[in-house]
Amino acid sequence: MTNSSNKYILLVMTAALISACSVTKKYERPTTLKTDQLYRDESSTDSTTIADMPWNTVFKDEKLNALIQKGLDQNLNLKNAIENIVQARASLRQSKLAYYPSLQLDANVTHNKQSQAGLNFPAGININTLTTTYKLGVSTSWEIDVWGKLSSSKRAALATYLASDAAKQAVQTQLIADIANNYFLLLAYDKQLEITEQTLKSRIENVATIKELKEGAIVTGAAVVQSEANQHAAEVLIPDLKQNIREAENALNILLGQAPGPIDRGVLGTQIIPEKIAIGMPAQLLNNRPDVRQAEFNFRVAFESTNLAKTYFYPSLTLTASTGFSNLELNDFFSHSIFYSIIGGLTQPLFNNGLNKMRLTTAQSQQLQAYNSFQQSLLVAGQEVSNALYSYQMAVEKEDSRAKQIAALEKAVDFTQELLEYSSATNYTDVLTSEQNLLAAQLSGVADNLQKLQAVINLYRALGGGWK
């Protein structure tokens, strides 16, 4: 290249470097994000949160922890999420390679045949010439990242990679919550089946007692029939509970990535939850919730895409160089046959049917959509925390009343049965009602306990626990 060409390229590069920062912008988290009052009726300045607790310390049941670990090792959705990370990492590496020059090897043999007919040769003479050229060379091309085009592409690829990693973490937190929820649901079904079977045993004995009382003319035949119906009412609950248990086991096996089968498990009454349910501050969701972090990374991808779209309005600077050997003869191919060239090129878009403007408009619109999705993810996170926390509070609030209800109904059953057996001050309808109410309250008590356990699990996940 001539000195004037070198000066021109140097001048353009200097001007570009000075103004490059005005073409693309550095990402900063939007200050317009709303994180205040995400937790309904809750305000806290304490940053302590159960989301910082490892999952194997939140759950004290070793059998549950073993199932969670198996799920983390075998769950197929989690494996797919990991493969997404592998693909995103490959794209990130590819974006980094754009900073380096490309290199090509060129080796060829060219045969040229030229007819000399029509030249000043005697009439009737047609002379054809055949030349063979041998060429071996290398060439390289390098686009200088003047306006930040390559940097924006790299940052977009990095954000995509981080988003895929956050997506995997979101799958993991949901998986842990799903395994724990289904595990406690299974324990609740076990407990309800146990209560129902005990009730059935008691009602079978009660039928025998009522028959004896009928023989003693204390009760009528209607009481015998009612007692038998009461027995059958408990019996019909058992098949449904067994079916629920089977389906809960099968659902757990799917989460564990294995075929349906029995699940080794503990009992509902021995489950322990954290003593202090700390939720921290809403702003911590930005760092703790994987799906919120994924939404922010997606927004960063859109932000860098807008940066990239802006760079297309400016000229691209490419340096191209080639060198090698070229000769007409092979015997002296490497002698006196060296060639080389260095070319600096500027490509400035002048007219391309408005493609650059449309590209920028699309990128800006997609960036706004990504921002809205980011804000939406925060609102959903706040809703889930609020719902889980309130569900836990209501379950705790019901505990004392439910215990008193069950205790009162147990006494009512005892009293009515005694009255029925030793006096005529009551009839079997009173016994029947008290027994049915007791069973319903006992089953509801199990549901209350399940609600409390699942509320803690859902709150743990909603706060972003399980992936650290």
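The values are calculated or read from the model by the stated rules, or taken from the named source; none is laboratory data. Note that the structure is predicted; figures quoted are calculated from it, not measured. Note: ideal-geometry Cβ built from the backbone for every residue, glycine included; neighbour counts use all protein chains shown. Keep in mind that these areas ignore ligands, DNA and RNA; they rest on the heavy atoms of the full protein, side chains included. Shrake-Rupley method; radii C 1.70, N 1.55, O 1.52, S 1.80 Å.
Report whether or not Ile263 is among the β-branched types (Val, Ile, Thr), touching a residue at least 12 places away in the same chain (Cβ under 8 Å) and over 30 Å from Ala81 (Cα atoms). Give the steps one after another, and end with the answer.
Working: among the β-branched types (Val, Ile, Thr): yes; touching a residue at least 12 places away in the same chain (Cβ under 8 Å): yes; over 30 Å from Ala81 (Cα atoms): no.
Judged against the criteria, Ile263 is not a match.
Of the numbered conditions (1) over 23 Å from Ala166 (Cα atoms); (2) part of a loop (DSSP other than H, G, I, E, B); (3) at pLDDT 80 or above, Lys63 fails exactly one; give the number of that condition.
(2)
Of all residues in region 197-208, how many are polar (S, T, N, Q) and open to solvent by 50 Å² or more (accessible area, probe 1.4 Å)?
Just the residues of region 197-208 that are polar (S, T, N, Q), to begin with: 198-199, 202, 206.
Okay, now just the ones that are also open to solvent by 50 Å² or more (accessible area, probe 1.4 Å), so 198, 202.
Residues flagged as polar (S, T, N, Q) and open to solvent by 50 Å² or more (accessible area, probe 1.4 Å) within region 197-208 amount to 2.
Being open to solvent by less than 30 Å² (accessible area, probe 1.4 Å) and modelled with pLDDT of 80 or more is the filter here, so list the residues in region 413-430 that pass it. Please lay out each step first, then the result.
Taking region 413-430 as the starting set, the residues that turn out to be open to solvent by less than 30 Å² (accessible area, probe 1.4 Å) are 413, 416, 420, 426, 428.
Result: Val413, Thr416.
Yes/no per residue for (1) assigned to a loop (DSSP other than H, G, I, E, B); (2) open to solvent by less than 20 Å² (accessible area, probe 1.4 Å):
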residue	(1), (2)
Ile218	yes, no
Ala223	no, yes
His232	no, no
Asn244	no, no
Glu247	no, no
Ala259	yes, no
Ile277	yes, no
Phe297	no, no
Val301	no, no
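Would a scan of region 168-175 turn up a residue that is among the basic types (Lys, Arg), open to solvent by 50 Å² or more (accessible area, probe 1.4 Å) and assigned to a helix (DSSP H, G or I)?
In the first step, residues of region 168-175 are kept if they are among the basic types (Lys, Arg); the result is 168.
Checking the rest, the ones that are also open to solvent by 50 Å² or more (accessible area, probe 1.4 Å) come to none.
No, region 168-175 contains no residue that is among the basic types (Lys, Arg), open to solvent by 50 Å² or more (accessible area, probe 1.4 Å) and assigned to a helix (DSSP H, G or I).
Does region 385-404 hold any residues that are polar (S, T, N, Q) and surrounded by 18 or more Cβ atoms within 10 Å (Cβ to Cβ), and which are they?
Taking region 385-404 and keeping what is polar (S, T, N, Q), we get 386-387, 391, 393, 401.
Within region 385-404, just Ser386 meets the criteria.
Just name the residue that is nearest to Val413 (Cα to Cα) out of those in region 433-460 that are of a type in the set (A, V, I, L, M, F, W, C) and open to solvent by 30 Å² or more (accessible area, probe 1.4 Å).
At the first step, the residues of region 433-460 found to be of a type in the set (A, V, I, L, M, F, W, C) are 438-441, 443, 446-447, 450, 453, 455-457, 459.
The next check asks that each one be open to solvent by 30 Å² or more (accessible area, probe 1.4 Å); those that pass are 440, 443, 447.
On the way: Ala440: 13, Leu443: 16, Ala447: 22 Å.
Ranking the qualifying residues of region 433-460, first place goes to Ala440.
Looking only at residues that are part of a loop (DSSP other than H, G, I, E, B) and at pLDDT 65 or above in region 121-167, which one is nearest to Ala81 (Cα to Cα)? Let's see the steps before the verdict.
Step one: filter region 121-167 for residues part of a loop (DSSP other than H, G, I, E, B), giving 121-127, 145-148.
Filter once more, so that each one left must be at pLDDT 65 or above: 147-148.
Working: Trp147: 34, Gly148: 31 Å.
Among those residues, the one meeting the criterion is Gly148.
Which numbered condition in (1) touching a Leu at 6+ places or on another chain (Cβ under 8 Å); (2) open to solvent by 40 Å² or more (accessible area, probe 1.4 Å); (3) over 29 Å from Val380 (Cα atoms) is the only one that Gly266 fails?
Against the list (1) touching a Leu at 6+ places or on another chain (Cβ under 8 Å); (2) open to solvent by 40 Å² or more (accessible area, probe 1.4 Å); (3) over 29 Å from Val380 (Cα atoms), Gly266 comes up short only on (2).
Provide a single number: the residues in region 292-305 that are acidic (Asp, Glu) and at pLDDT below 95.
As a first pass, look at region 292-305 and keep what is acidic (Asp, Glu): 296, 304.
Adding the requirement that they be at pLDDT below 95 leaves 304.
Within region 292-305, residues that are acidic (Asp, Glu) and at pLDDT below 95 number 1.
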